[in-house]
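Step one of this worksheet: look at the structure below.
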Amino acid sequence: MPSKKPTRKKRKIMGASPSSSFSVQSDFTPSMDSPVYTAPLEILEEIFHNLPCEEVVRHCRLVCRQWKEVADSESLWSERCRREGYLPRNASMVPNDWREFYFLCKKRRNLLKNTKGEEQFKYWELVSNGGDRWKVEECMSQHPNEAVRKNFVTSFGLCLKSQLIDLKSEGYYPAFMDLYQPAIKILDWYAARWDCACEYTIKVELLNQKKKSIQTFKPKTIHIEQWNDQQWHQMTHVFKNYGPGVRYINFVHGGKDSQFWSGWYGVRMADSSVEICPDVE
């Protein structure tokens, strides 16, 4: 009589339950309707606070519907701003989008390089180099920024220098610029010698991918008379609502002395800046 083949009992793994729709070999791709991890929203939000902000946006919000709701919530980003000290200067002005405000604050910096002349003319293109040419010298009068010890100075012929800022290479990608169109703040400091009249000029352009102008800031040339107080003056401008397509910023400034004296008696410049910044300040 043939003997029965012994049957082997399947051992049940703790916490596991059989499922015909899932196997070890299958790839598991969570969907927006099937959260892989559910938790009280305040706990999930606290977890997100302890993750790099880029991970929250690029990965966490794609996991499921619940995670996306938390990752996109105003409360998450307003609290993150509070914890990291990114708050509007005017407390009565609330950002329309706290996530946008957070990333603009976190990435904010001067996109111009070597603005104090510490590296001579590195990063600058000398567009015009008239008279006795551009020069870097010690400041004749104290700059409002105490860290500034040197400045660029022009001669009796027109002197212009420029920097082209590639926004994508600085981390401001086309989709971000087109969607949010964040404020672009321009600031420049200029001064004259007390004993010589001079001229100061500035031109800043927002350019598209083909480096064609979208919007331009070009005020009238400023003339400073002889026997002035040689104090520093500030030029500012903020680009807003400039439309899609901005990929580069071209910054040009310079000038000359108005009395054609040999040497470096023209306008002085230092501590220029171009910043992508929140509109709420």
Among strands (runs of 3 or more DSSP E) lying entirely in the stretch 108-156, which contain 3 or more residues that are farther than 30 Å from Met177 by Cα and within 29 Å of the chain's Cα centre (by Cα)? 150-153
Could you check how many residues of the stretch 170-199 are crowded, with 17+ Cβ neighbours inside 10 Å and among the small types (Gly, Ala, Ser)? 4
Taking the condition more than 24 Å from Ala147 (Cβ to Cβ) and not aliphatic (A, V, I, L, M), does Arg80 pass? yes
Residues being part of a helix (DSSP H, G or I) and either over 19 Å from Tyr180 (Cβ atoms) or touching a Cys at 6+ places or on another chain (Cβ under 6 Å) (or both): count how many of those fall in the stretch 75-87. 5
For the stretch 200-281, which strands (runs of 3 or more DSSP E) that fit wholly inside it have 1 or more residues that are among the polar types (S, T, N, Q) and open to solvent by less than 50 Å² (accessible area, probe 1.4 Å)? 248-257, 268-277
In the stretch 24-43, how many are modelled with pLDDT under 85 and assigned to a helix (DSSP H, G or I)? 2
Regarding Phe156, is this residue under 17 Å from Arg109 (Cα atoms), hydrophobic (A, V, I, L, M, F, W, C) and in contact (Cβ under 8 Å) with a residue 24 or more places away in the chain? no
Which of (1) more than 18 Å from Asp271 (Cα to Cα); (2) touching a strand residue (DSSP E or B) at 6+ places or on another chain (Cβ under 6 Å); (3) aromatic (Phe, Trp, Tyr) does Tyr180 not meet, given it meets every other one? (2)
Quick test of your reading of the structure: Lys168 fulfils all but one of (1) over 23 Å from Lys150 (Cα atoms); (2) within 15 Å of the chain's Cα centre (by Cα); (3) not in a loop (DSSP other than H, G, I, E, B). Name the failing condition by number. (3)
Filter the stretch 118-169 down to residues that are open to solvent by less than 80 Å² (accessible area, probe 1.4 Å) and charged (D, E, K, R) and give me whichever is farthest from Ala270 (Cα to Cα). Asp166
Given the residues Glu74, Glu46, which is the only one that is out of contact with any Phe, Trp or Tyr (no Cβ under 8 Å at 6 or more places or on another chain) and either closer than 27 Å to Asp279 by Cα or at pLDDT 85 or above (or both)? Glu46
Selection status of Leu179, of a type outside the set (Phe, Trp, Tyr) and within 26 Å of Gly245 (Cβ to Cβ): yes
If I filter the stretch 88-103 for residues that are open to solvent by 30 Å² or more (accessible area, probe 1.4 Å), outside any helix (DSSP H, G or I) and basic (Lys, Arg), do I get at least one hit? yes
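The values are calculated or read from the model by the stated rules, or taken from the named source; none is laboratory data. All figures in this text were calculated on a predicted structure; none of them were measured in a lab. Please note: Cβ atoms are built from the backbone with ideal geometry, for glycine as well, and neighbour counts cover all protein chains shown. Only protein heavy atoms, including side chains, enter the accessible area calculation; ligands, DNA and RNA are left aside. Shrake-Rupley method; radii C 1.70, N 1.55, O 1.52, S 1.80 Å.
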